[in-house]
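One structure is given below, encoded as structure tokens.
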Amino acid sequence: MLKDRVSLQNTLLSLESVLRIDYEERTLTKLLSKATNRLSDAYQRDFSSDTLYNIMSKSSLSSEGLEVLESRILEPLKELAFINSLTTYTKRSPVSLNIINYLGYARENLCTALKYLQDEVLYEKRGNIIEPLKNGVNNIEFCQEKRLFVIMLTLEGLGIFEGVNIIAQTLYIGGLEL
């Protein structure tokens with residue numbers, strides 16, 4: 001069966017590896033900053049001040065390495081999108097926002113915020129969403145839900161909004177009562 005060929009844990013490990021995320025830092029700000037710095041060092045580009053796509057467009061002659069990065073990010077995101085599809089099919093989510101007490105927010109508020117991150121038009125409101133999410137994520141223990149939020153926030157910092165969409169969808173589904 002196809003569903004036996006993917007696992008959320010392996011997908012998270014792949015994304016964390018590609019994005020150079022490790023959890024040695026206790027604060028989310030430092031964790032995201034160090035991941036960005038490691039990516040910048042690995043690809044010899046400054047990701048702290050610009051998005052992946054802007055950097056690629058500015059340096060079209062030397063963006064081959066960045067296209068590799070983009071492809072390496074895309075593969076586990078495809079798996080995650082497949083996991084989302086399976087979740088809606090089986091009505092069994094591998095993620096539960098209840099475990100993290102909805103980051104301290106009302107369930108409806110967090111689900112609405114995650115819904116905004118899934119919509120290209122509503123995504124413009126992310127300025128009102130991302131900072132409160134960072135504060136909430138900072139206060140939860142290490143678990144796969146926290147890992148998803150960290151990956152999503154890393155992708156947001158890189159300007160990979162399609163990836164933010166997929167992870168927001170995973171988390172949103174985990175907030176629903178299926």
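The values are calculated or read from the model by the stated rules, or taken from the named source; none is laboratory data. Computed from a prediction, not measured in an experiment: that's the story for all the values here. Backbone-built Cβ (ideal geometry, glycine too); neighbour counts: all protein chains shown.
Just checking, which of PRO94, PRO132 is under 29 Å from GLU25 (Cα atoms), at pLDDT 90 or above and not in a helix (DSSP H, G or I)?
Values: PRO132 fails: not in a helix (DSSP H, G or I).
Answer to the selection: PRO94.
Among the residues making up the stretch 14-53, those that are hydroxyl-bearing (Ser, Thr, Tyr), surrounded by 14 or more Cβ atoms within 10 Å (Cβ to Cβ) and modelled with pLDDT of 90 or more are SER14, SER33, THR36, SER40. Pairing each residue of the stretch 121-139 that is free of Cβ contacts under 8 Å to residues at least 12 places away in the same chain with any residue that is surrounded by 12 or more Cβ atoms within 10 Å (Cβ to Cβ) and part of a helix (DSSP H, G or I), provided the two are 6+ apart or on different chains, yields C-beta distances under 6 Å for LEU122/TYR116; LYS125/TYR116. Taking the criterion of being buried (at least 21 other Cβ atoms within 10 Å of the Cβ) and over 8 Å from the mean Cα position of the chain (by Cα), the residues of the stretch 148-164 that qualify are LEU158, ILE160. SER14 meets all of the listed conditions (1) in contact with a Lys or Arg (Cβ under 7 Å, 6 or more places away or on another chain); (2) in a helix (DSSP H, G or I); (3) closer than 19 Å to PHE149 by Cβ but one, namely (1).
Set side by side, the residues ALA35, ALA42 differ, and just one is in a helix (DSSP H, G or I) and either touching a helix residue (DSSP H, G or I) at 6+ places or on another chain (Cβ under 8 Å) or in contact (Cβ under 8 Å) with a residue 40 or more places away in the chain (or both), which is ALA35.
For the stretch 59-89, a residue qualifies if it is part of a helix (DSSP H, G or I), surrounded by fewer than 16 Cβ atoms within 10 Å (Cβ to Cβ), hydroxyl-bearing (Ser, Thr, Tyr) and in contact (Cβ under 8 Å) with a residue 12 or more places away in the chain, and exactly one does: THR88.
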